Amino acid sequence: VFFLPADIISTVEFNHTGELLATGDKGGRVVIFQREQESKNQPHRRGEYNVYSTFQSHEPEFDYLKSLEIEEKINKIRWLPQQNAAYFLLSTNDKTVKLWKVSERDKRPEGYNLKDEDGRLRDPSMITMLRVPVLRPMDLMVEATPRRVFANAHTYHINSISVNSDYETYMSADDLRINLWNFEITNQSFNIVDIKPANMEELTEVITAAEFHPHHCNTFVYSSSKGTIRLCDMRTAALCDRHAKFFEEPEDPSNRSFFSEIISSISDVKFSHSGRYIMTRDYLTVKVWDLNMENRPIETYQVHDYLRSKLCSLYENDCIFDKFECVWNGSDSVIMTGSYNNFFRMFDRNTKRDVTLEASRENSKPRAILKPRKVCVGGKRRKDEISVDSLDFSKKILHTAWHPSENIIAVAATNNLYIFQDKVN
């Protein structure tokens with residue numbers, strides 16, 4: 001299937017109610033899908049997600065001082081809770097965060113005094129009477145307007161944005177620094193983490209992801225390329241270089257290899273909805289940490305352990321540097337993350353059962369039921385299994401999202417977005 005690199009989906013995010021789903025792509029576009037309302041003849045079945053609005057969020061730029069091209073690819077989208085009829089979301093590329101307002105218009109004013117119906121200004125000497133403008137119905141229009149542009153605060157590439165639970169501030173994180181912003185102030189931010197050494201040759205790790213606590217506006221975590229997580233408290237000091245808690249699992253010496261450091265780098269960190277746990281994703285595993293226990297995770301899930309023997313070739317084709325994300329379901333009982341061959345994995349924390357599912361054109365027909373997939377490592381292969389040697393590493397699921405309250409998931413597979421939901425009787 002031929003597609004343009006600009007069409008590759010780079011982030012997926014449900015809003016707080018799950019009625020809207022936003023995707024960003026490498027071409028700098030944001031596409032918002034809206035869930036259809038219940039139909040009269042099938043009151044129990046909620047509708048599909050259909051395109052609601054599409055807009056160009058970021059354009060390619062050129063930094064003349066550094067002779068660098070700044071690509072338009074959307075790295076992250078974060079919704080703000082809805083306060084009125086309009087929706088607000090943050091989107092970011094490598095350098096600039098934008099706050100967008102998405103609103104509906106189904107009426108237009110007619111009968112201006114100083115303009116004719118085409119919008120041209122009228123000759124004031126020809127105006128002999130005063131007219132009262134009236135609102136006339138029109139076809140529904142969804143408009144996206146940029147309300148704020150937060151720029152010029154990051155030397156390195158932005159990898160995370162996170163809205164604080166006070167809904168007045170948010171943070172943006174790049175490789176070496178984390179900045180705190182007020183939504184109303186675009187020309188200055190407050191640097192809350194700076195791990196840049198005086199001599200860049202002494203640099204040993206970079207920040208890979210950061211997120212605010214869902215309920216405590218003073219607490220946030222950030223993960224590093226060394227496989228560690230730091231929990232910071234903004235009440236202790238203005239610059240949170242000294243962490244409040246430090247989560248790290250000691251490495252098993254028997255597993256040590258040339259690739260250990262690369263595969264231990266954390267690509268995503270997420271607080272549970274309850275705020276009690278944090279989940280981290282590294283190259284081969286997903287780990288769940290209790291905030292009260294720093295020395296090791298309480299749960300470790302193997303995502304694709306069969307790739308351990310393939311690390312050499314994954315290093316050669318650069319796949320070992322892929323950054324997979326992970327998400328919780330609404331009740332924090334199931335976690336989901338992506339893999340290769342358009343596979344994605346789900347782990348039930350209560351039953352300890354796990355399943356591998358595939359996002360593909362064949363099983364995306366309406367009402368199609370996803371069949372669990374199995375990968376075999378060696379020896380005889382059963383007919384429903386796929387050999388680890390025939391996995392397609394160009395097909396990868398890096399970005400997924402879970403509806404905040406229902407069993408509806410969104411999975412981005414290259415340039416396709418798949419939405420799966422529990423079957424309704």
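The values are calculated or read from the model by the stated rules, or taken from the named source; none is laboratory data. Being a predicted model, the structure only gives us computed values, none of them experimental. Cβ coordinates were reconstructed from backbone atoms using ideal geometry, including for glycine residues, and neighbour counts include every protein chain displayed. Note: accessible area is taken over every heavy atom of the protein model, side chains too, but ligands, DNA and RNA are not part of it. Shrake-Rupley method; radii C 1.70, N 1.55, O 1.52, S 1.80 Å.
Among the residues examined, residue 387 does not qualify as farther than 20 Å from residue 421 by Cα and at pLDDT 90 or above. Residues in the range 383-425 that are under 27 Å from residue 318 (Cβ atoms), in contact with a helix residue (DSSP H, G or I) (Cβ under 9 Å, 6 or more places away or on another chain) and either part of a strand (DSSP E or B) or charged (D, E, K, R) (or both): 389, 396, 416, 418. Looking only at residues in the range 94-139 that are acidic (Asp, Glu) and over 30 Å from residue 188 (Cα atoms), the one that is surrounded by the fewest Cβ atoms within 10 Å (Cβ to Cβ) is 118.
Filtered by the rule that a residue be open to solvent by 20 Å² or more (accessible area, probe 1.4 Å) and at pLDDT 95 or above, the range 82-93 gives 87, 88. Residue 333 meets each of the listed conditions (1) over 20 Å from residue 278 (Cβ atoms); (2) open to solvent by 20 Å² or more (accessible area, probe 1.4 Å); (3) free of Cβ contacts under 8 Å to residues at least 60 places away in the same chain apart from (1). Considering the conditions (1) out of contact with any helix residue (DSSP H, G or I) (no Cβ under 9 Å at 6 or more places or on another chain); (2) within 28 Å of residue 260 (Cα to Cα), residue 216 is excluded by exactly one of them, (2). Only a single criterion out of (1) open to solvent by less than 30 Å² (accessible area, probe 1.4 Å); (2) closer than 26 Å to residue 214 by Cα; (3) in contact (Cβ under 8 Å) with a residue 40 or more places away in the chain is not satisfied by residue 25, namely (2).
Scanning the range 179-206 for residues that are in contact with a Lys or Arg (Cβ under 8 Å, 6 or more places away or on another chain), outside any loop (DSSP other than H, G, I, E, B) and open to solvent by less than 40 Å² (accessible area, probe 1.4 Å) turns up just one, 193. Somewhere in the range 295-306, is a residue assigned to a helix (DSSP H, G or I) and either open to solvent by 30 Å² or more (accessible area, probe 1.4 Å) or within 24 Å of residue 160 (Cα to Cα) (or both)? Yes, the range 295-306 has at least one match.
In the set 401, 368, only one residue is closer than 20 Å to residue 285 by Cα, open to solvent by less than 90 Å² (accessible area, probe 1.4 Å) and small (Gly, Ala, Ser); that residue is 401. Test residue 165 against the criterion of being among the hydroxyl-bearing types (Ser, Thr, Tyr) and part of a strand (DSSP E or B), and give yes or no. No, not satisfied.
Looking only at residues that are in contact (Cβ under 8 Å) with a residue 60 or more places away in the chain and more than 15 Å from the chain's Cα centre (by Cα) in the range 391-415, which one is nearest to residue 378 (Cα to Cα)? The residue in question is 393.
Condition first: within 19 Å of the chain's Cα centre (by Cα) and exposed (fewer than 15 other Cβ atoms within 10 Å of the Cβ). Now tell me which residues in the range 158-177 satisfy that.
Residues of the range 158-177 that are within 19 Å of the chain's Cα centre (by Cα), as a first pass: 158-165, 167, 169-175.
Residue satisfying the conditions is 167 alone.
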